[in-house]
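Note sheet for the following structure.
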Amino acid sequence: MKNSGEIQKQLRTRILELSHQANSGHIGGALSCIDLLISILVYNKNEEEDFILSKGHAALALYVCLNYSGEIPDSELLSFYKNGTQLPAHPAANKYKGIPFALGSLGHGLSIATGIAQANKIQASGNHTFVLLSDGDTNEGTTWEAAHFAVNNQLDRLIVVIDKNSIQGFGNSSDILGDTANAGTWISIGFDVFEIDGHDIELINGTIQKCRILLNGKPKVLIANTTKGKGVSYMEKRMEWHYLPMTEEQYTQALQDINKLYHA
Amino acid sequence: MRKIFSRAIEKVSNENEKIVFITGDLGYNALENVQESMKNRFINAGVAEQNMVGMAAGMAYKGYKVFCYSIAPFIVYRCLEQTRNDVCFHDLPVFLVGNGGGYGYGIMGATHHAIEDIACLSPLPNMTCWIPAFADDVEYCIREIVKNNKPAYLRLGLGNPYPDKALQISTVNHVIVSKQPKITLIALGPIVQNAIEAVKELDCVDIFTILKVPVAEISGELEQSISKTGNVIVLEEHVQRGGLGEQLLMKMVESGVRFHNFKSLHAKGYPTQLYGNQKYYQEISGIDAKSIALVIDEIIQNF
């Protein structure tokens, strides 16, 4: 396997190429969570385990990972965002095993993952269940319904990862509902909480491995501090990159930024 | 139908270990036997219906057939997006059970009624709504739901016994067979009892129940009755928009079933802004036995 830096560079570049080709947005959120996805999907999750992308607007990051692992062929990946594709802007289910649910309305993923973890528990399966949430997901009430259920039912093989880039649809999290993804809330509900840098693959891998063996009756949450648009200078921490497609000049600049980042 | 439902679930879940039952913190004096017999396959998800349905989708994805139980409005409206996105899009075997469909919860108030439930759920992809009309329909519906292994909604109400016990239950049932039918009355759910009462002195009204919506096709005895009478009354404790009447009328026109008179008797909501028991709302809506009798009488006069 390539080293993690090479994978990070390759998949960031792929995200830029495909969104440029499709003239699509949602680039900022894909770049903020791609390292988390690489860690979960490339390094940690085994084939029988399930991963749910609750922040469905980062579908492109999921698609490039599933392409890297060989599940989505190159030809299909090139159809991203086009008429007749299996790969719309938010994931559509029923085609790829790595995309078990159609997601895109926030607040659904943790409930689904909790159901999967509960089913695994009834079946006495040792499989872990992974779910990736956004800041916006933690605005939704259903996330907290599921969190309480997971704690009370001791779903300690449930690993929740929050891509905490702190920017939402129309403002900074702190200016909207406040920090709804804060560690204190998860701790008080009864989760084991790990706050980490969400771009450090080795740290993410190490934390997930720690979670795997910590079978103490508590579900786990990794609050991963991330940067929206990570790696592209003019996108970083900018809300508009939730929406905007790149111009030719911006695309060239973005590729240069990524090259620079991984040559440093 | 609550206790009948509970006994049927206990029986069916004993036969099939893939059945899971989740309640939204309801079931006092009704589900204790289910809780005991299903053990770790019985889950109380708390007062959190959206999470209950989302979780059910996750469990169904892992191979379970999942019943989700609450009072009808809570299991229908609160979690409609979870039902659409998480369950129906993926054609998963999650079965919503709504107790007290229609005005069933009476004086409890409008928040506890479900008179637009069929309109909300029946257009969703892969979804089938099951509406038992009599006590004996309940187990039949549950078995069909489990067998079909697709998204379903079971609307529970009052559980009256069948007028004709020998009836072979199916999705369309000819419950009152008249010798010289002038009217074909089709009812949705236990409100059929009002129609039976309305025609007890008459022998000119064929009464049918339809247990499954969307309506698959109009055939057999129902089609023959409509062809013979040409007078159709649809009776439902549900608003007109999106209810059985509207759906059936479309089906009749599309399939070229000939009729000359169509009357929809349905729930009218809360026109007086006054509140009462189930019978009170039925009277206000004109779906009580007396109102039905008047409509029938008027049609017969003009026959």
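Taking only the range B:1-34 into account, find how many residues are outside any loop (DSSP other than H, G, I, E, B) and buried (at least 17 other Cβ atoms within 10 Å of the Cβ). So that I can check it myself, show each step before the final result.
Taking the range B:1-34 first, the residues outside any loop (DSSP other than H, G, I, E, B) are B:2-15, B:19-23, B:32-34.
Next, from what is left, pick out any that are buried (at least 17 other Cβ atoms within 10 Å of the Cβ): B:2, B:4-6, B:8-10, B:12-13, B:19-23, B:34.
Selection size over the range B:1-34: 15.
I'd like the full set of residues that are in a helix (DSSP H, G or I), more than 20 Å from the chain's Cα centre (by Cα) and of a type in the set (Gly, Ala, Ser), limited to the range B:255-303. Once the filter is applied, which keeps residues that are in a helix (DSSP H, G or I), more than 20 Å from the chain's Cα centre (by Cα) and of a type in the set (Gly, Ala, Ser), the range B:255-303 yields B:Ser291, B:Ala293. Whenever a residue of the range A:91-114 is closer than 16 Å to B:Met59 by Cα and in contact (Cβ under 8 Å) with a residue 60 or more places away in the chain, its partners that are of a type in the set (S, T, N, Q) and part of a loop (DSSP other than H, G, I, E, B), lying with C-beta atoms within less than 9 angstrom and at least six residues away or across chains, give the pairs A:Ile112/A:Ser54; A:Ala113/A:Ser54. Per this entry, B:Val192 is counted among residues that are outside the structural domain of B:Ala110 (by TED's automatic domain parsing), touching a strand residue (DSSP E or B) at 6+ places or on another chain (Cβ under 6 Å) and part of a helix (DSSP H, G or I).
Is the range B:112-132 home to any residue that is in a helix (DSSP H, G or I) and more than 30 Å from B:Tyr162 (Cβ to Cβ)?
First pass over the range B:112-132, keeping only residues in a helix (DSSP H, G or I): B:112, B:117-121.
Then drop every residue that is not more than 30 Å from B:Tyr162 (Cβ to Cβ), which leaves none.
No, the conditions are met nowhere in the range B:112-132.
B:Lys39 satisfies every condition listed in (1) within 12 Å of chain A (Cβ to nearest Cβ); (2) of a type outside the set (Asp, Glu); (3) closer than 26 Å to B:Pro125 by Cα except (3). Which residues, counting only those in the range A:147-163, are open to solvent by 20 Å² or more (accessible area, probe 1.4 Å) and outside any loop (DSSP other than H, G, I, E, B)? Hits for the range A:147-163 are A:His148, A:Val151, A:Asn152. Mind checking whether some residue in the range A:126-137 is surrounded by 23 or more Cβ atoms within 10 Å (Cβ to Cβ), out of contact with any strand residue (DSSP E or B) (no Cβ under 7 Å at 6 or more places or on another chain) and modelled with pLDDT of 95 or more? So far as the range A:126-137 goes, yes, one or more of its residues are surrounded by 23 or more Cβ atoms within 10 Å (Cβ to Cβ), out of contact with any strand residue (DSSP E or B) (no Cβ under 7 Å at 6 or more places or on another chain) and modelled with pLDDT of 95 or more.
Within the range B:61-92, the residues that satisfy the criterion of being within 8 Å of chain A (Cβ to nearest Cβ), of a type outside the set (S, T, N, Q) and part of a helix (DSSP H, G or I) are B:Tyr61, B:Glu81, B:Asp86. Scoring A:Ile187 on the criteria (1) more than 20 Å from B:Tyr61 (Cα to Cα); (2) aliphatic (A, V, I, L, M); (3) in contact with a helix residue (DSSP H, G or I) (Cβ under 9 Å, 6 or more places away or on another chain); (4) open to solvent by 10 Å² or more (accessible area, probe 1.4 Å) leaves a single failure, condition (3).
Scan the range B:281-303 for residues that are open to solvent by 70 Å² or more (accessible area, probe 1.4 Å) and at pLDDT 95 or above and the total you get is 5.
Entry remark, the range A:84-129: residues being basic (Lys, Arg) and within 10 Å of another protein chain (Cβ to nearest Cβ) number 1 in total.
The values are calculated or read from the model by the stated rules, or taken from the named source; none is laboratory data. Treat the numbers as computed from the prediction; the structure is a model and nothing was measured. Methodologically, a virtual Cβ is constructed for each residue, glycine included, from the backbone with ideal geometry; neighbour enumeration extends over all protein chains shown. Side chains included, ligands, DNA and RNA excluded: accessible areas come from the protein's heavy atoms. Shrake-Rupley method; radii C 1.70, N 1.55, O 1.52, S 1.80 Å.
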